[in-house]
1. Being in a strand (DSSP E or B) and either modelled with pLDDT of 90 or more or open to solvent by 40 Å² or more (accessible area, probe 1.4 Å) (or both) is the filter here; which residues of the stretch 70-85 pass it?
2. Select from the stretch 36-55 the residues that are part of a loop (DSSP other than H, G, I, E, B) and in contact (Cβ under 8 Å) with a residue 60 or more places away in the chain and write down the one among them that is least open to solvent (accessible area, probe 1.4 Å).
3. With respect to Arg157, is the statement that it is open to solvent by 90 Å² or more (accessible area, probe 1.4 Å), at pLDDT 90 or above and not in a helix (DSSP H, G or I) true?
4. Go through (1) within 30 Å of Ala175 (Cβ to Cβ); (2) buried (at least 20 other Cβ atoms within 10 Å of the Cβ); (3) over 13 Å from the mean Cα position of the chain (by Cα); (4) modelled with pLDDT under 95 and name the single condition Gly64 misses.
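The values are calculated or read from the model by the stated rules, or taken from the named source; none is laboratory data. Predicted model, so just to flag it, every value in this text is computed and none were measured. Quick reminder, even Gly has a Cβ in these numbers, built from the backbone with ideal geometry, and neighbours come from all protein chains shown. Protein only, heavy atoms only, side chains kept; ligands, DNA and RNA dropped before computing areas. Shrake-Rupley method; radii C 1.70, N 1.55, O 1.52, S 1.80 Å.
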Amino acid sequence: MKTQSRKVLRRKSFMAMSALFTTGIGVFAVGVGVSIAVRGPDSDALGVVAVCLGMIAFIRRITGSRIVLGEKVLSVVNPVFTHEIPYRYVASVAADSGGNLIITTSQAADIAAFGFAGSFIDHFVGSTDQTVTQIKARLAEERDLRGDSRTVRRYTRAWVADSCTVGMLVLFAIAAVIGDWAPSA
């Protein structure tokens, strides 16, 4: 049995939205940052940049949702938690009546894949059904009984989103300090 390499399944619309919104909001934040550099520190402008970073973090978490078909595990990467399910514990993979991708484990736990939640456009494109087919094909090849012995749920790492969240918190703190210390006119 030949083991395949890791395969990432994502909606193309999520990749496009991530790039579009991150770039657009990022350019706006840089513009406000340049304004701060020219005019000096301003708590309102810092607050605007902080909000931009928060929006980028939110969008990146949502659009980073995906399914990863690894060598021994199927990973469902949702915005907050990632579920790593050894192939032998996947009982079924299906799209429900709303077009949502649901993975049921042999322990009778249903895990919804946020990246393949039902949408109006998906009824025409069928990306959820295509993903179900790809997962089932991999499951047929990878039902190896060796490997990990349990399903793992862990916090999803999203370096860009997490960095933007930290930046947002730092800028809000600086804006609060500057806002209190700013000389009144």
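1. Once the filter is applied, which keeps residues that are in a strand (DSSP E or B) and either modelled with pLDDT of 90 or more or open to solvent by 40 Å² or more (accessible area, probe 1.4 Å) (or both), the stretch 70-85 yields Leu74, Ser75, Val76, Val77, Phe81, Thr82, His83, Glu84, Ile85.
2. Asp42
3. Numbers: open to solvent by 90 Å² or more (accessible area, probe 1.4 Å): yes; at pLDDT 90 or above: yes; not in a helix (DSSP H, G or I): yes.
Spelling it out, Arg157 is indeed open to solvent by 90 Å² or more (accessible area, probe 1.4 Å), at pLDDT 90 or above and not in a helix (DSSP H, G or I).
4. That leaves (3) as the condition not met.
Conditions tested, residue by residue: (1) closer than 28 Å to Asn100 by Cβ; (2) at pLDDT 95 or above; (3) part of a helix (DSSP H, G or I); (4) in contact with a Lys or Arg (Cβ under 6 Å, 6 or more places away or on another chain).
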site	(1), (2), (3), (4)
Phe14	yes, no, yes, no
Gly24	no, yes, yes, no
Val34	no, no, yes, no
Ala57	yes, yes, yes, no
